[in-house]
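**Student:** Got a structure here, written out as structure tokens. Questions coming.
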Amino acid sequence: MTFGEQPAYLRVAGDLRRKIVDGSLPPHARLPSQARIREEYGVSDTVALEARKVLMAEGLVEGRSGSGTYVREQPVPRRVARSGYRTGGVSTPFRQEQAEAGARGTWESGSEQTAAPAEIAKRLGIAAGDRVMRTRYVFRDAGEAMMLSTSWEPLAVTGRTPVMLPEEGPLGGSGVVDRMAAIDVVVDNVVEEVGARPGLAEEILLLGGVPGHVVLVIGRTYFASGLAVETADVVVPADRYRLAYHLPVR
């Protein structure tokens, strides 16, 4: 294969992709059968099959049991605002940002004490196995699951304090900054790292979508004078949402 030449299955997938994008194959249309692809493009069954697999992995088509493969209707991506962390309120950044966008944000959560896994312990600057409070969230917009989050807080910081449970007590439902301030811990820095990966099966089940779909993962950590007081992984479907950062110029 010469430099720049694509394998046959990618050329076939690319042509079918163009037809999906330009509307020649509209949403809910049946994708040409494997035999039809073989005949139309003059390729082998193996190439036709691999081309269909590419489109399925990209989330452009979906298989329907006993019926065939169909073009998926693509969602119009919506923005998820990331505009900083403000103090002086009783609301989380999610609720603040949803309110600014005029959305109807709600969430469900559950907390439990657990041992910190090695990777989380590294992010928090503690020993693997140290006790942390893990809280899992499902965030919804108008009832539709839009974002997942799992947070970990070292119990060495919050244990036996009124803010040990993020969603209970006098400051339940408040943001990390305000909760920490209530126990005289002043958050002065937040670090976010954004990456992408295929969604885990349990994530796709909660968020809806096709197995293998890509999700955006925001690894966020709050610091107080260099001490990590909370870290979280925020998971957003990449095909439905875009992260929009509003950063002040200093």
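The values are calculated or read from the model by the stated rules, or taken from the named source; none is laboratory data. Quantities reported herein were computed from a predicted structural model and do not represent experimental measurements. All Cβ positions, even for glycine, are placed from backbone atoms using ideal geometry, and neighbour counts span all protein chains on display. Areas reflect the complete protein model, heavy atoms only, side chains present, ligands, DNA and RNA absent. Shrake-Rupley method; radii C 1.70, N 1.55, O 1.52, S 1.80 Å.
**Student:** Only bridges whose two residues both fall in the chain count here: according to DSSP, what percent of them are antiparallel, nearest 5? Mind showing how you got there, number by number?
**Tutor:** Values: 51 of 56 bridges.
The antiparallel fraction comes to roughly 90 percent.
**Student:** Is any residue of segment 136-157 close enough, with backbone N under 13 Å, to a label point placed 7 angstrom from the Cα of ILE183 along the Cα-Cβ axis, and if so, which?
**Tutor:** Once the point is set 7 Å along Cα→Cβ of ILE183, 152-157 turn out to lie under 13 Å by backbone N, inside segment 136-157.
**Student:** Let me ask something additional. Excluding ligands, DNA and RNA, what is the solvent-accessible area per residue of segment 147-188 at a probe of 1.4 Å, expressed in Å²?
**Tutor:** Details: 1830 Å² over 42 residues.
Counting only protein heavy atoms, the per-residue value for segment 147-188 is 44 Å².
**Student:** Ok, one more. Viscosity 1.306 mPa s, temperature 10 °C: give me the Stokes-Einstein translational D for segment 148-250 in µm²/s, with Rh taken as the Kirkwood radius over C-alpha pairs. Numbers along the way, then the final one.
**Tutor:** Working: Rh = 15.3 Å.
In µm²/s, the coefficient is 104.
**Student:** Which loop trypsin sites (Lys or Arg not before Pro) in segment 136-169, with loop taken from DSSP, have no more than 10 other Cβ atoms within 10 angstrom of their Cβ? Can you show the working numbers first?
**Tutor:** On the way: sites: ARG136, ARG140, ARG160; in loops: ARG160.
Of the trypsin sites (Lys or Arg not before Pro), the ones in loops of segment 136-169 whose Cβ has at most 10 other Cβ atoms within 10 Å are ARG160.
**Student:** Let me ask something else about it. Most fluctuating residue of VAL138, VAL186, VAL177 in a GNM of the chain with Cα springs under 10 Å: which is it?
**Tutor:** With Cα springs under 10 Å in the chain, the top fluctuation among VAL138, VAL186, VAL177 is at VAL186.
**Student:** Rounded to the nearest 0.05, what FRET efficiency do VAL76 and LEU227 have when you use their Cβ-Cβ distance and R0 = 51 Å?
**Tutor:** Values: r = 42 Å, r/R0 = 0.82.
That gives a FRET efficiency of 0.75.
**Student:** Another question about this same structure. How far is it, in nm, from the label point at ARG18 to the one at GLU5 when both lie 7 Å from their Cα along the line to the Cβ?
**Tutor:** 1.9 nm
**Student:** On to the next question. Please provide three numbers in whole Å: the alpha-carbon extents of the chain along the principal axes, with the largest listed first.
**Tutor:** Sorted from largest, the Cα extents of the chain read 71, 43, 40 Å.
**Student:** Summing Lys, Arg as +1 and Asp, Glu as -1, what charge do residues with Cβ under 12 Å from the Cβ of VAL76 carry, VAL76 excluded?
**Tutor:** Values: positive: ARG78, ARG79, ARG240, ARG242; negative: GLU73, ASP239.
Overall, the nearby charge balance is +2.
**Student:** While we're on this one: Got the relative contact order for the chain handy, in percent, Cα pairs under 8 Å and 6 or more residues apart?
**Tutor:** On the way: 440 pairs, mean separation 43.5, N = 250.
Here the relative contact order equals 17 percent.
**Student:** Okay, next question. Using a 7 Å offset from the Cα along the Cα-to-Cβ direction at both LEU206 and ASP45, what is the distance between the two label points in nm, to one decimal?
**Tutor:** 4.2 nm
**Student:** Helix hunt in the chain: which complete DSSP H runs extend at least 15 Å axially by C-alpha with mean Kyte-Doolittle at least -0.5? Intermediate values should be presented prior to the final figure.
**Tutor:** Values: long enough: 8-21 (20 Å, 0.11); 45-57 (18 Å, 0.55).
Answer set is 8-21, 45-57.
**Student:** Name the most mobile residue of THR161, THR46, THR106, meaning the one with the largest mean-square fluctuation, in a Gaussian network model of the chain with Cα contacts below 10 Å.
**Tutor:** THR46
**Student:** Right, next: So, counting K/R as plus one and D/E as minus one, what does the shell of residues with Cβ under 12 Å around PRO211 add up to? Can you show the working numbers first?
**Tutor:** Values: positive: none; negative: GLU62, GLU202, GLU203.
Taking every Cβ under 12 Å from that of PRO211, the sum is -3.
**Student:** Assuming R0 = 25 Å, what is the FRET efficiency of ALA115 and ARG197, from their Cβ-Cβ distance, to the nearest 0.05? It would help to have the intermediate numbers written out before the result.
**Tutor:** Details: r = 24 Å, r/R0 = 0.97.
It comes to 0.55.
**Student:** For segment 167-231, run through the GluC sites (Glu not before Pro) and keep only the ones in DSSP coil with at most 16 other Cβ atoms within 10 Å of their Cβ.
**Tutor:** Sites meeting the loop and neighbour criteria: GLU167, GLU168.
**Student:** Let me ask another. Would you work out what percent of the accessible area of the chain, with all protein chains in place, is carbon or sulfur (probe 1.4 Å)?
**Tutor:** Values: 7390 of 13680 Å².
Solvent-exposed carbon and sulfur of the chain make up 54 percent of the total.
**Student:** Moving on to the next point. How much length is gained on full extension from ASP239 to ASP130, taking 0.36 nm per residue of separation minus their Cα-Cα distance? Intermediate values should be presented prior to the final figure.
**Tutor:** Values: separation 109, 0.36 × 109 = 39.24 nm, distance 3.64 nm.
That works out to 35.6 nm of additional length.
**Student:** Let me ask something else. Using R₀ = 25 Å, calculate the FRET efficiency as 1/(1 + (r/R₀)^6) where r is the Cβ-Cβ separation of ALA35 and ALA57; round to 0.05.
**Tutor:** Working: r = 21 Å, r/R0 = 0.86.
With a Förster radius of 25 Å, E is 0.70.
**Student:** Over segment 104-233, what is the mean sequence separation of C-alpha contacts under 8 Å (at least six apart), divided by residue count, expressed as relative contact order in percent?
**Tutor:** So the answer I get is 22 percent.
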